Each structure stands twice: as C-alpha cells, then as structure tokens.
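Working notes for the structure below.
The values are calculated or read from the model by the stated rules, or taken from the named source; none is laboratory data. In this text the structure is predicted, and so the values were computed from the model without any measurement. Because the Cβ atoms are built from the backbone with ideal geometry, glycine has one as well, and the counts that use them run over all protein chains shown. Heavy atoms of the whole protein, side chains included, go into the accessibility calculation; ligands, DNA and RNA do not. Shrake-Rupley method; radii C 1.70, N 1.55, O 1.52, S 1.80 Å.
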Amino acid sequence: MKERLEELKQEALGKIESSQSLKELNDVRVAYLGKKGPITEVLRGMGKLAPEERPVIGALANEVRAAIQEQIEAKQKILEEKVIAEKLQKESIDITLPGRPIVQGNHHPLTKIIEEAENLFIGLGYTIAEGPEVETDYYNFEALNLPKDHPARDMQDSFYISEELLLRTHTSPMQARTMEKHEGKGPVKIIVPGKVYRRDDDDATHSHQFMQIEGLVVDEGIRMSDLKGTLALFAKKMFGEDRDIRYRPSFFPFTEPSVEIDISCKICHGDGCSVCKGTGWIEILGGGMVHPNVLRMSGFDPEKYTGFAFGIGVERIAMLRYGIDDIRHFYTNDVRFLKQFSPVESN
Ligand code: 2U9
C-alpha cells in the first residue's frame, strides 16, 4: 500500500506539473483528491490492514494528500498569473499610435457677424434683448406707427398664423416691448438680433427668412448726431477705417427723419463697378430718429425724450464682408460653403 501511495503521489505531481490550464489542473485535483479518487479509496481499504499498519498508512496517505494539495495550490498560482499576463497582453493599448483628429466645427457666417456686432455694441454700453418670432399685429405694426391700412404694410407682408398673430417681419416689436417695460423712463439702450420673416420670392438677394440686428437708444437729449456717430463707428469697425460714409434721406414709418447709410466701395474706390452698381457707394443700413408717435405709444413723452433707432440686415453685411453672391447659401446648409469660415476659437 505504501508503494501504491508513493506511485499515486509521483503520478499526481507529474500531471500537476504538466497542466497547462486551470481547468486541466482542476481535473487533476478532482481525479486524485476527490471523494472517488484513489487516495480516498486507499483510506477506505485500511480496514483490511493489520492494526499496527493502519496509523502508518493513514499518516502516509495524509502526507501524500497534503503534498498533492500543496503542489496544486502552487501550480494554481502560476496558472492564474499566466491568465492575467495573457489578458494584459491582449488588452494593452499602444500609446504610440497617433490620436484621432478632433473634428472642429465653425460658426455660421451669420452668427459670426452677429457676435462681432454684439461685442461692438456691448462695448458702447448697449444690452442685448431677444424676443418672440411669433408676434402680435399690435407689436409688429401698430406700435410702430403702421396702423391696419397703412400702405407701408405692403412692403412687409408676412406669414399669418391668425388675424392677430404673425411671424415678425422685423425685430422692432422687441424694441416696442422693451420701451413699454421701462414705463416711460429712460435711458433705453438695446440691440435686438434675431430671425425675421417676410412673404417674398426667394432669389439671389431675397429670402423669406433673414436676420436683423436692430438698435434703439431713448433718453433725454438724444440727437441725430448721436445716431451719426454710432453708425459711422459701426460701419468703420465692420468694413475698415478707410471707408467714407454717406447719409441719404429715406423714409421709415417708425422714424422721422430717416436715413440710409452707405459706405464707399472698396473695390472701385468710388469709380463705379458691378459690386456698387456703378455708384461708388454700397448701402449697408438704415436708421432715424424715433417717431414721436412710436415713443408715445410705448409710454414715453416725446416732449421730454428723443431717441434714435437703426436696422441692419445681417445677410447683407455678411455678403459684403465675405464676398458671397447669393443669399440662399446661408440657408441651404452646403457644408462646402460653411467650411470656408474659420473654426470656432477655443476659450
Ligand atoms: C422702434 C423704433 C424704431 C428700426 C429701423 C431701419 C431703420 C432699417 C432695414 C435694414 C435692413 C431693415 O433688414 S432690413 O431690410 N431697417 O433701415 N430699421 S429704423 O426702427 C425702429 C424700430 C423700433 C420702436
């Protein structure tokens, strides 16, 4: 029996040694140390031994079992470490690979112009006001000196939601709303950027949807010279200090007197070319002194307060700045067009 136990020990140790996986090792453990294994069988047969042999064989059987157990544990450690090493090897990251390029977007050209204008006016002490695109007839027209049957309404036909609700045709209603909130007390100094809508046939220079930046200053003692100084500054900052500025008399129902402002043509320096249509001048915006009726309707006393207002067509500014020949490019989302504008600056 001694020899049998010794034989089993050598056999088991050999199999442990040659085990290549934890599963194989476990099979060896079950085969030699399990309830149905040969060592258990030896112990079971001890009853047939002479009484003096029993403790000797029992001790030897336990010794063999302990030796096998010990080797299994040692081998298990080795195999577990092997599994971890293999896993680490498989999952290792090659940090020498170049990173994937970050896709950097850019602002829409209209957003760029709006942000530039906003920064300029914020620097002049203006605040930015934004308002609803669905407006009432009152704020879009009536409060701006355009009563129901006024002929100037024809120039600003809109998309109607009901008799009294429409898509705003300019951002001016927000100026009227802001004045109302001031309850007749100045100063008011705002710019209102945003989308506006007009019933129009789209072509290279017309779009049924476009963007405006309008401005309004109301206080005691505001004069036409304030308007001229402000808009000349805007024109020069936007188009270059070397540009000449011209004021032409115009008409808007909400301002009196009204002006349109031109800058000298950069292409031909006044000689006349296709960009300035042979005039040497390019129209960039309109403005005027707020009509007393408009002041009154929004709660300001025109005997005490005066103000100036202006309107800028953002697409027009962007087209001139970037040399864009068709307003529809702004709204057709052609990535080849949009990609031409410099990426968003990171903070
Ligand atoms: C209030 C009082 C006065 C806003 C004004 C213009 C002149 C103007 C055009 C520019 C290009 C419209 O987008 S465009 O076609 N706008 O020339 N806008 S004065 O005057 C106001 C507005 C609100 C309460």
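When the residues of the range 220-244 are filtered to those that are more than 37 Å from the chain's Cα centre (by Cα) and over 30 Å from PRO147 (Cβ atoms), the one that is surrounded by the fewest Cβ atoms within 10 Å (Cβ to Cβ) is SER225.
Please specify each residue of the range 77-129 satisfying the condition of being within 30 Å of ASN26 (Cα to Cα) and not acidic (Asp, Glu).
We begin by selecting, within the range 77-129, every residue within 30 Å of ASN26 (Cα to Cα); these are 77-92.
Hits for the range 77-129 are LYS77, ILE78, LEU79, LYS82, VAL83, ILE84, ALA85, LYS87, LEU88, GLN89, LYS90, SER92.
Contact annotation: residue pairs with Cβ atoms under 7 Å, 6 or more positions apart or on different chains, pairing a residue in the range 256-272 that is within 16 Å of the ligand (Cβ to nearest atom) with a partner that is open to solvent by 20 Å² or more (accessible area, probe 1.4 Å) and of a type in the set (Phe, Trp, Tyr), are SER258/PHE251; SER258/PHE252; VAL259/TYR247; ILE261/TYR247; ASP262/TRP281.
Pick out the one residue from PRO343, PRO302 that is at pLDDT 95 or above, assigned to a loop (DSSP other than H, G, I, E, B) and in contact with a His (Cβ under 9 Å, 6 or more places away or on another chain).
Values: PRO343 fails: at pLDDT 95 or above.
From the options PRO343, PRO302, the qualifying one is PRO302.
Filtering the range 15-38 to residues that are in contact with a helix residue (DSSP H, G or I) (Cβ under 9 Å, 6 or more places away or on another chain) and aliphatic (A, V, I, L, M) leaves ILE16, LEU22, LEU25, VAL28, ALA31, LEU33. ILE284 passes every criterion in (1) within 20 Å of GLY194 (Cβ to Cβ); (2) part of a strand (DSSP E or B); (3) modelled with pLDDT of 95 or more apart from (3). Picking from residues in the range 250-266 that are of a type in the set (S, T, N, Q) and in contact with an Asp or Glu (Cβ under 9 Å, 6 or more places away or on another chain), the one that is surrounded by the fewest Cβ atoms within 10 Å (Cβ to Cβ) is SER250.
Scanning the range 328-347 for residues that are open to solvent by 10 Å² or more (accessible area, probe 1.4 Å) and either within 27 Å of PRO173 (Cβ to Cβ) or among the charged types (D, E, K, R) (or both) turns up ARG328, TYR331, ASP334, ARG336, LYS339, GLU345. Answer yes if at least one residue in the range 128-141 is open to solvent by 50 Å² or more (accessible area, probe 1.4 Å) and without any contact (Cβ under 8 Å) to a residue 24 or more places away in the chain, and no otherwise. No, the range 128-141 contains no residue that is open to solvent by 50 Å² or more (accessible area, probe 1.4 Å) and without any contact (Cβ under 8 Å) to a residue 24 or more places away in the chain. Scanning the range 290-303 for residues being more than 6 Å from the ligand (Cβ to nearest atom) and under 38 Å from the mean Cα position of the chain (by Cα) gives a total of 1.
Residues are listed down the side, and each one gets a yes or a no for (1) open to solvent by 100 Å² or more (accessible area, probe 1.4 Å); (2) in contact with a helix residue (DSSP H, G or I) (Cβ under 6 Å, 6 or more places away or on another chain):
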position: GLN71; (1), (2): no, yes
position: LYS82; (1), (2): no, no
position: LYS87; (1), (2): yes, no
position: LYS90; (1), (2): yes, no
position: PRO101; (1), (2): yes, no
position: GLN104; (1), (2): yes, no
position: ILE122; (1), (2): no, no
position: TYR126; (1), (2): no, no
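At least 1 residues that are within 13 Å of the ligand (Cβ to nearest atom) and more than 20 Å from GLU260 (Cα to Cα) in each: list the strands (runs of 3 or more DSSP E) lying fully within the range 124-220 that qualify.
Values: elements: 134-136, 165-167, 188-197, 209-219.
Filter on the range 124-220 gives 134-136, 188-197, 209-219.
State yes or no: is GLU183 under 25 Å from SER264 (Cβ atoms), touching a residue at least 24 places away in the same chain (Cβ under 8 Å) and of a type in the set (Asp, Glu)?
Numbers: under 25 Å from SER264 (Cβ atoms): no; touching a residue at least 24 places away in the same chain (Cβ under 8 Å): yes; of a type in the set (Asp, Glu): yes.
So GLU183 does not fit the description; no.
When you go through (1) over 24 Å from LEU144 (Cβ atoms); (2) surrounded by fewer than 17 Cβ atoms within 10 Å (Cβ to Cβ) one by one for TYR247, which number turns out not to apply? Of the numbered conditions (1) over 24 Å from LEU144 (Cβ atoms); (2) surrounded by fewer than 17 Cβ atoms within 10 Å (Cβ to Cβ), the odd one out for TYR247 is (1).
Give me a count of the residues in the range 304-318 that are more than 9 Å from the ligand (Cβ to nearest atom) and surrounded by 20 or more Cβ atoms within 10 Å (Cβ to Cβ). Reasoning before the result, please.
Narrowing the range 304-318 to residues more than 9 Å from the ligand (Cβ to nearest atom): 304-306, 317-318.
From the residues that got through so far, the ones that are surrounded by 20 or more Cβ atoms within 10 Å (Cβ to Cβ) too are 305-306, 317-318.
The number of residues fulfilling the criteria is 4.
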